[in-house]
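J.: Structure below; questions to follow.
The values are calculated or read from the model by the stated rules, or taken from the named source; none is laboratory data. Remember, it's a predicted structure, so these values are computed and weren't measured experimentally. In this analysis, Cβ positions are derived from the backbone assuming ideal geometry, glycine residues included, and neighbour counts consider all displayed protein chains. These accessible areas exclude ligands, DNA and RNA; they are computed on the full protein's heavy atoms, side chains included. Shrake-Rupley method; radii C 1.70, N 1.55, O 1.52, S 1.80 Å.
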There are 2 protein chains.
Amino acid sequence: MADEALFQFLHNELIQYVYKSAEQGEMENGRCITRLENMGFRVGQGLIERFTKDTARFKDELDVMKFICKDFWTSVFKKQIDNLRTNHQGIYVLQDNKFRLLAQMSGGKQYLEHAPKYLAFSCGLVRGGLSNLGVKSIVTAEVSAMPACKFQIMIQKM
Amino acid sequence: MADEALFQFLHNELIQYVYKSAEQGEMENGRCITRLENMGFRVGQGLIERFTKDTARFKDELDVMKFICKDFWTSVFKKQIDNLRTNHQGIYVLQDNKFRLLAQMSGGKQYLEHAPKYLAFSCGLVRGGLSNLGVKSIVTAEVSAMPACKFQIMIQKM
């Protein structure tokens, strides 16, 4: 519980800091999101190296996704992804019904506009993790009612 | 191990981000340190509330310090403080022989000049924690040989 809190508080500070330093330099919202996403990317790269140190080689893309949904998600967000769907053509949708980084916020639609900044880092985290497993992707997130959240992963064929 | 890595990677990103955004605005080193320290302060405030939720009331200042050295340190830095000393007049010195956030860096004196930015957040963390326990303090850190580190806490009498 302690470690969990540490990550959450630090994540909040990070968002605040990025947005505050943006105010001074008149950076727009989109660039803040990009920066958070990039930080997530590098952290994801580092994490996946640790996590997969002792795992067997992955069979295929779906196998990699299952690892992300189970092991990776549990380590970082303390629960598994609730639902994984795919169109078998390179698009995966990961549904988390109670996403940890949104769980502290008021439910419903009131703060919906603030959701993207709380998701950018995590999108990067997934993209970075996948990237170090050799899967190039674009990761976006979508919220219709907090704290549920859908992550969409589009695999970039190389 | 995973959570540990998450904090460490995020902490590194934070430092990099603060220093990088400083470059653009020509902010000097001291202000970066202050910002990191302030972020640590707020995170420390939040953490201590969670940690002390179910603990008994503290007897005195020394009791608070022992809690910081044992429970708080173990939760955040995965080990206890190795040595706690005090002059019984409001100065406490906490010695950590293998400080977690310096443990990844090369030992000896080569990167000694970079140590302060890796300690600022943690100084704030301690100050914030103490502050929410009603102990106002100034916290500084000192490194003579990595990864050992001494935190000095000067209690501010109110």
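J.: Say we look at segment A:91-128 and pick out the residues that are touching a residue at least 60 places away in the same chain (Cβ under 8 Å) and either in a strand (DSSP E or B) or in contact with a Leu (Cβ under 6 Å, 6 or more places away or on another chain) (or both); which of these is farthest from A:Phe9 (Cα to Cα)?
T.: Pass one, segment A:91-128, residues touching a residue at least 60 places away in the same chain (Cβ under 8 Å): A:91-93, A:100-101, A:104, A:116-118, A:120-128.
From what is left, the residues that are either in a strand (DSSP E or B) or in contact with a Leu (Cβ under 6 Å, 6 or more places away or on another chain) (or both) are A:91-93, A:118, A:120-121.
Details: A:Ile91: 32, A:Tyr92: 29, A:Val93: 27, A:Tyr118: 12, A:Ala120: 16, A:Phe121: 14 Å.
Step by step, filter segment A:91-128, then rank; the result is A:Ile91.
J.: May I pose another question? Of everything in segment A:129-144, what is open to solvent by 60 Å² or more (accessible area, probe 1.4 Å) and free of Cβ contacts under 8 Å to residues at least 40 places away in the same chain? Give them in sequence order.
T.: Matches in segment A:129-144: A:Lys136, A:Ile138, A:Thr140, A:Glu142, A:Ser144.
J.: Right, next: Specify the residue that is modelled with the highest pLDDT; the eligible residues are those in segment B:3-21 that are more than 9 Å from every other protein chain (Cβ to nearest Cβ) and open to solvent by less than 60 Å² (accessible area, probe 1.4 Å).
T.: Taking segment B:3-21 as the starting set, the residues that turn out to be more than 9 Å from every other protein chain (Cβ to nearest Cβ) are B:15, B:19-20.
Adding the requirement that they be open to solvent by less than 60 Å² (accessible area, probe 1.4 Å) leaves B:15, B:19.
Details: B:Ile15: 91, B:Tyr19: 88.
This residue is B:Ile15.
J.: If you take the residues in segment A:22-49 that are open to solvent by 70 Å² or more (accessible area, probe 1.4 Å) and within 11 Å of chain B (Cβ to nearest Cβ), which one is modelled with the lowest pLDDT?
T.: Of everything passing the filter in segment A:22-49, A:Gln24 is modelled with the lowest pLDDT.
J.: Output the number of residues of segment A:57-82 satisfying the condition of being modelled with pLDDT under 95 and more than 19 Å from A:Gly124 (Cα to Cα).
T.: Residues flagged as modelled with pLDDT under 95 and more than 19 Å from A:Gly124 (Cα to Cα) within segment A:57-82 amount to 6.
J.: Here's a check for you: in segment A:50-88, which residue that is within 13 Å of the chain's Cα centre (by Cα), β-branched (Val, Ile, Thr) and assigned to a helix (DSSP H, G or I) is surrounded by the fewest Cβ atoms within 10 Å (Cβ to Cβ)?
T.: Here the answer is A:Thr74.
J.: Which residue is modelled with the highest pLDDT, if the candidates are limited to segment B:110-128 and must be of a type in the set (Phe, Trp, Tyr) and open to solvent by 10 Å² or more (accessible area, probe 1.4 Å)?
T.: Residues of segment B:110-128 that are of a type in the set (Phe, Trp, Tyr), as a first pass: B:111, B:118, B:121.
Cutting the leftovers down to open to solvent by 10 Å² or more (accessible area, probe 1.4 Å) gives us B:111, B:118.
Numbers: B:Tyr111: 85, B:Tyr118: 93.
Restricting to residues being of a type in the set (Phe, Trp, Tyr) and open to solvent by 10 Å² or more (accessible area, probe 1.4 Å), the top hit is B:Tyr118.
J.: Can we say B:Leu94 is loosely packed, with under 14 Cβ neighbours inside 10 Å and more than 14 Å from chain A (Cβ to nearest Cβ)?
T.: On the way: loosely packed, with under 14 Cβ neighbours inside 10 Å: no; more than 14 Å from chain A (Cβ to nearest Cβ): yes.
Answer is no for this residue.
J.: Does B:Glu61 count as closer than 24 Å to B:Gln156 by Cα and among the acidic types (Asp, Glu)? It would help to see each step written out before you state the result.
T.: Values: closer than 24 Å to B:Gln156 by Cα: yes; among the acidic types (Asp, Glu): yes.
So B:Glu61 fits the description; yes.
J.: Can you confirm whether segment A:79-91 contains a residue that is closer than 30 Å to B:Ser21 by Cα and among the charged types (D, E, K, R)? Steps first, answer last, please.
T.: Of the residues in segment A:79-91, the ones closer than 30 Å to B:Ser21 by Cα are none.
No, segment A:79-91 has no match at all.
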